[in-house]
Amino acid sequence: MKPLKRWLANHTNALCNASNTIIKQQTNSVSIIIIIGITLALPFSLLQITTKIKPITSQLQSGANIVAYLKTPTPKESIPLVKQLIMQNKSIKYAHYISPQQGLRSFAKDTGLQEVMQQLTPNPLPGLFQIKARYTQNKSAGLQKVVKQLSSIQNISLVQTNRLSNQRVYFLIHSAKRTIAALAVIFALSIIFIISYSIKVSVHKNRQEIRLLQLLGATPRFIKRPFIYRSIILGIAGGLTAWVISSTLMMWLAKPLIALGHTYSFNINIARFSVVQGCFICLISCLLTATGSLITLRKHARLM
């Protein structure tokens with residue numbers, strides 16, 4: 001039991017020394033914690049956003065949206081026949097008819113011009129079919145063939161596809177993912193460098209005390225412990241700060257992200273970072289700060 005008690009006493013003393021150092025150097029410590037928090041909050045928040053909108057990218061890959069506008073006027077009796085002709089095309093997943101009245105109500109709701117739209121007589125909007133094709137965005141030749149076939153159907157005046165806009169969004173999201181990965185690596189290296197430099201300054205500042213401890217028989221591990229514990233405490237505090245900043249940022253971006261999802265007929269659920277996610281952020285922060293301190297302590301081992 002004596003070795004265990006000695007081990008606990010050594011680590012408790014190292015933890016207390018590290019805490020006292022942080023308290024004594026409040027300005028420096030708070031600055032490092034805030035920097036770590038901001039540095040970690042940005043990539044984690046962006047990663048969370050890309051995870052939430054991932055179903056949108058899957059939807060963009062799954063097929064192309066086509067809109068077929070009907071001629072005005074088109075008798076109601078002809079609508080089922082037009083839909084039947086559309087569905088005969090094997091490249092079509094489904095076709096949903098929207099009447100002029102439904103289109104006007106939807107347009108008025110999206111634009112907030114309900115009173116103005118009610119005064120429009122007659123209704124200027126044509127009936128249309130919202131069509132989902134099986135071709136993905138990369139098979140533009142096949143999609144153009146489908147558009148040409150639909151254009152030849154009687155009572156259809158115009159066929160449009162959002163292939164180009166979908167491609168832009170799809171590649172934009174993929175570019176954003178790669179950018180986030182690059183930023184995460186850069187920010188991680190920045191945290192390691194900041195902690196490494198901070199520990200280096202502390203080692204040089206306390207080199208007289210370190211030499212005195214060596215003369216008294218202190219081992220290198222005994223001397224290194226307070227510095228390592230200091231970096232871990234700063235990592236935990238920085239991770240908690242990043243957790244708070246990330247959660248606040250996600251709630252601030254919730255409204256525009258939900259609106260983005262509605263434009264693709266998809267519900268995006270935005271919530272604060274969970275406790276598990278917060279613990280994961282703190283773990284990553286501790287690993288980075290501990291790595292920074294170990295690198296510096298290893299380089300300055302001669303002082304210990």
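Taking amide H positions as modeled 1.01 Å from N, with prolines and chain starts lacking one, the residues under 5 Å from Ser157 and 5 or more places away or on another chain are Tyr69, Leu70, Lys71.
Going by Cα centres, the range 173-188 and the range 244-291 are how many Å apart? If we compute the Cα centre of each part, the gap is 16 Å. Within the range 1-38, whose backbone N sits under 15 Å from a point 7 Å along Cα→Cβ of Leu213? Residues passing the 15 Å test: 9-22. Just how far, in whole angstrom, is the range 15-35 from the range 197-238 if you go by their alpha carbon centroids? About 13 Å separates the Cα centre of the range 197-238 from the one of the range 15-35.
Peptides 35-48, 201-214: what's the order by average Cβ count within 10 Å, highest mean first?
Averaged packing, sorted descending, gives the order 35-48, 201-214.
Bear in mind these aren't lab numbers, they're just calculated from the coordinates by the rules spelled out. In this text the structure is predicted, and so the values were computed from the model without any measurement. All Cβ positions, even for glycine, are placed from backbone atoms using ideal geometry, and neighbour counts span all protein chains on display.
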